[in-house]
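A quick write-up on the structure given underneath.
The values are calculated or read from the model by the stated rules, or taken from the named source; none is laboratory data. Worth saying up front: this structure is predicted, and the values here are computed from it rather than measured. A quick note on method: Cβ atoms are made from the backbone with ideal geometry, for glycine too, and the neighbour counts reach across all protein chains shown.
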Amino acid sequence: MHKIFITGGCGFIGSHLTEYFFKKYKNSIIYVYDKITYAASIKNLKDISNNKRLKIIKKDLSDYNALKKYSKNTDIFIHAAAESHVDNSFNLKNEFIITNVLGTKNVLDACKVNKVKKIIHISTDEIYGEIYKSSFDENSRFNPSNPYSSSKAAAEMIINGYIHSYKLPVIIVRANNIFGTRQHPEKLLPGSCWSLIKKKKFTIHGKGNQKRSFLYVKDLCEGIYKIVSKGKNNNIYNIGSKFEYKNLDVFKIVAKANNLSFDKFVKYVKDRPFNDYRYSLNFNKIMKLGWKPKTKIEDKILEINDWYKKNISRFKKR
Ligand SMILES: NC(=O)c1ccc[n+]([C@@H]2O[C@H](COP(=O)([O-])OP(=O)(O)OC[C@H]3O[C@@H](n4cnc5c(N)ncnc54)[C@H](O)[C@@H]3O)[C@@H](O)[C@H]2O)c1
């Protein structure tokens, strides 16, 4: 029997990963380790939470002893917990360093002591910073430009040290923007759904011309499974899509899904202190493992919007 340990498993990406691995590894036992912050909910796992193969541990990454205790005999460790919202990270809120950097160090120490055989660390394309044309590959240099991406880059540097010093079997996965159900409406796409369902105005930073590529969360899960089964330890894999959208275009797609005219509901506000113009990944390396992105926002927007309609009461404020 496999023991799979997933941090942040009650959050957006983590809950989809938990369900995916739960179904894929029929003989597994899955430990979800999660502080369950404002961005997460135990309801995200309601379809499997009564099953004995799932254990949910409500604990903080800062609790090293708990991490060490619960991750004993883990075969596959997926580290998805983080403070994830860029806007919250301005003014360098300490949570971003405590969770994303020190929390990752605790994960590594627990894995080292428990001799975990495979550790997948979920990182972000934001560590590369912006790029006007072409794309970053896994050897591109770090150039994080906001406190969130800086904390994720710092976590990767700690991992690098552990790989060299202790031969820890870590694989880093750098993902571009992910979309799907269960994401907190603080983010662009779910925030657009939330506002338009409530017929409220939605704020767009600057003119909304920033470009982001979007990968569907279930395509991400398949990619992570490929990396778990075929990826090489101590390697980095970019994962993303070439489905690129301006922020304003994402809002327009959601407005169309709600049969509303976008210009009546958009409110342009002052841009972030620094807002990367475009992120873009070269993900040829993971494609060589036999994976590719399949799903565009337009393919899933009605389903996602419908999910937010049904679950709107979960999110009191954006
Ligand atoms: N969402 C994206 O578009 C995206 C893109 C690239 C990378 N990522 C990365 O993927 C991972 C998951 O992101 P997400 O979008 O699901 O974020 P999320 O905010 O929805 O989920 C984060 C999860 O981590 C948990 N958590 C936060 N602090 C914790 C702590 N101190 N101890 C234990 N648990 C804690 C939260 O409760 C939540 O369940 C993060 O590492 C993020 O940096 C996300």
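The figures follow:
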| item | result |
| --- | --- |
| Flag if Phe202 is in contact (Cβ under 8 Å) with a residue 12 or more places away in the chain, touching a Ser or Thr at 6+ places or on another chain (Cβ under 6 Å) and among the aromatic types (Phe, Trp, Tyr) | yes |
| Residue within the range 109-124 that is assigned to a helix (DSSP H, G or I) and buried (at least 23 other Cβ atoms within 10 Å of the Cβ) present | yes |
| Cβ pairs under 7 Å, 6+ apart, first in the range 1-20 and under 19 Å from Asp60 (Cα atoms), second β-branched (Val, Ile, Thr) and within 6 Å of the ligand (Cβ to nearest atom) | Cys10/Ile36; Ile13/Ile122; Ile13/Ile178 |
| Inter-residue pairs, beta-carbon under 6 Å, first touching a residue at least 60 places away in the same chain (Cβ under 8 Å) and within 18 Å of Asn88 (Cβ to Cβ) and in the range 166-186, second small (Gly, Ala, Ser) and near the ligand (Cβ under 7 Å from one of its atoms), 6+ apart | His184/Ala39 |
| Residue in the range 231-247 that is among the hydrophobic types (A, V, I, L, M, F, W, C), in a helix (DSSP H, G or I) and under 15 Å from Arg174 (Cα atoms) present | no |
| Check on Leu189, within 14 Å of the ligand (Cβ to nearest atom), touching a residue at least 60 places away in the same chain (Cβ under 8 Å), surrounded by 18 or more Cβ atoms within 10 Å (Cβ to Cβ) and in the same structural domain as Ala255 (by TED's automatic domain parsing) | yes |
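Matching residues to (1) modelled with pLDDT under 95; (2) within 11 Å of the ligand (Cβ to nearest atom); (3) more than 30 Å from Glu19 (Cβ to Cβ):
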position	(1), (2), (3)
Asn143	no, no, yes
Ser150	no, no, yes
Ala155	no, yes, no
Ile158	no, no, no
Gly161	no, no, yes
His164	no, no, yes
Val170	no, no, no
Arg174	no, yes, no
Phe179	no, yes, no
